[in-house]
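Each remark here refers to the structure printed beneath this line.
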Amino acid sequence: MEQDAANEILTYLIKLTGEVSKGQYDNSPDIFEYTKEGLYPDLVVKLAESFGMMIVQIEGREYRLEQMIEDLNRKNIQMEQILEKVRLLENIKTHLGKFVPESVKQIIETSPDAPDLEKQTKDVSVLFLDVAGYTKMSEIVEPEKMNYLIEKYFSSFLDHIHQNKGDINETAGDGLMIIFQDRNRISHAQNAVKTAVAIRERVQVINRDLEQNFEPIKVNIGINSGSASVGSTRFEGITGARWTFTASGSVTNVAARIGALAKNGEILIADETAHRVQDVFVTSTLGKHDLKNVKEPIEIFKVEEHPSP
């Protein structure tokens with residue numbers, strides 16, 4: 001009879017462990033009933049104790065697993081929030097990149113925590129270009145068509161500016177200011193003139209493409225090379241501060257004045273730039289000119305249509 005009772009208990013314990021193995025714990029407390037010494041055979045008590053410890057360990061591991069899963073879910077949520085912020089910042093960066101000069105982006109990407117945007121003296125070449133007769137054209141051409149023309153022409157310049165390491169610094173309705181930098185002072189001067197020549201050629205091509213619908217335009221260009229103060233400038237007003245990144249000083253001023261002298265699509269360059277590009281481009285002197293707010297007369301050269309062989 002005792003053997004039958006023991007077998008019945010063992011059968012029940014086996015059933016309980018089978019339920020536990022399936023993750024069913026409703027009847028698991030029954031196991032601890034059979035751990036009472038004196039009420040049940042020693043082997044049954046020891047077996048029940050072993051089963052009981054196994055259940056405790058399994059429940060403990062399942063609890064820890066649940067905690068790990070919850071923690072992982074929380075981290076996943078946090079990670080998704082971080083990724084969303086990254087996506088937002090990337091969108092902001094993409095949109096700001098349309099307005100921020102390339103040189104500024106490079107400085108920030110190189111040292112995002114502490115970008116050095118303070119003004120530094122650097123040797124650069126500065127190019128000014130403007131569309132001849134823009135004001136007159138804007139009076140007779142519809143705004144939408146005028147905007148189309150400017151975008152058509154200026155967009156065709158971008159690849160050449162980028163390829164020659166130029167950085168569009170300022171834009172106006174009819175003009176651009178472009179800064180060229182390079183460790184080699186001759187290289188950036190030549191790059192500036194290369195860009196100017198490429199722009200002149202692009203204008204001629206687009207003029208032919210649009211001759212059935214629009215009058216041809218002329219883009220006048222002035223270039224100067226030398227030492228300038230390159231970096232950020234802060235303007236403080238009632239509404240707050242505005243920052244700009246530019247090259248300032250006499251080099252920029254002279255380039256602008258020379259650009260204002262150009263006509264009929266001319267590319268005019270200062271004597272310093274001419275000296276640096278003489279091995280690559282054919283130039284002819286226009287003599288010395290007195291420029292506004294410039295103390296000494298500047299010898300100006302015109303870049304001819306075809307580069308030297």
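Sequence-ordered 3J(HN,Hα) estimates for region 206-219 from the Karplus curve with 6.51, -1.76 and 1.60 and θ = phi - 60° stand at 5, 4, 5, 5, 9, 5, 6, 10, 9, 5, x, 10, 10, 10 Hz, glycine and proline given as x.
Using θ = phi - 60° in the Karplus curve 6.51 cos²θ - 1.76 cosθ + 1.60, the 3J(HN,Hα) couplings for region 284-295 round to 9, 6, 10, x, 8, 10, 7, 10, 4, 6, 10, 5 Hz; x is entered for Gly and Pro.
Starting from the Cα gyration tensor of region 114-303, take the square roots of the eigenvalues, sort them a ≥ b ≥ c, and report rounded, prolate or oblate (rounded when a/c is under 1.5, otherwise prolate if a/b is larger than b/c, else oblate). Walk me through the numbers on the way to the answer.
Values: a/c = 1.63, a/b = 1.18, b/c = 1.38.
Cα axes put region 114-303 in the oblate bin.
Taking region 2-79 on its own, what percent of its Cα-Cα pair distances exceed 15 Å? List each step's numbers first, then the result.
Numbers: 1823 of 3003 pairs.
Across region 2-79, Cα pairs with separations above 15 Å total 61 percent.
Between residue 219 and 132, 265, the built amide H atoms are under 5 Å apart, and every one of these is 5 or more places off in sequence or on another chain. Taking amide H atoms as placed 1.01 Å from N in the peptide plane, the amide H of residue 169 lies under 5 Å from those of 177, 178, 179, each 5 or more residues away in sequence or on another chain.
The packing ranking, built from the mean of other Cβ atoms within 10 Å per residue, places the peptides 189-200, 33-44, 212-223 in the order 189-200, 212-223, 33-44, highest first. The label-point distance for residue 79 and residue 271, in a model that sets each label 7 Å from Cα toward Cβ, rounds to 6.7 nm.
The Cβ shell under 13 Å around residue 27 holds other residues with a net charge of -2, Lys and Arg each +1, Asp and Glu each -1. Here's how it looks for residue 289: its modeled amide H is under 5 Å from those of 298, 299, 300, which are all 5 or more places away or on a different chain.
List the lysines whose alpha-carbon lies under 24 Å from that of residue 75, not counting same-chain residues fewer than 8 positions away? Answer for residue 75, where 24 Å is the Cα cut-off: 85, listed by chain and number. Quote the FRET efficiency, to the nearest 0.05, computed for residue 70 versus residue 32 with a Förster distance R0 of 25 Å and r equal to the Cβ-Cβ distance. Efficiency at R0 = 25 Å is approximately 0.30. Residue 5 versus residue 63, label points 7 Å from Cα toward the beta carbon: distance in nm? About 3.4 nm separates the two model spin labels. Backbone geometry of region 123-135 corresponds, through the Karplus equation with coefficients 6.51, -1.76 and 1.60 at θ = phi - 60°, to 3J(HN,Hα) couplings of 8, 9, 10, 10, 10, 10, 9, 8, 7, 5, x, 4, 4 Hz, x marking Gly and Pro. Positive-end ranking of 164, 273, 126 along the dipole of region 114-303, with charges on Cβ about the Cα centre, is headed by 273. Here the spin labels are modelled as points 7 Å beyond Cα on the Cα-Cβ line, and at residue 121 and residue 50 they lie 9.0 nm apart.
Checked against a 24 Å cut-off, the cross-linked pairs 165/302; 122/263; 194/292; 15/46; 136/263; 122/165 give Cα-Cα distances beyond that limit for 122/263; 194/292.
Every number in this text was worked out from the coordinates using simple rules, so none of it is lab data. If you're wondering where the values come from, they're calculated on a predicted model, not measured in any experiment. Glycine also receives a Cβ, built like all others from the backbone with ideal geometry; neighbour counts cover every protein chain displayed.
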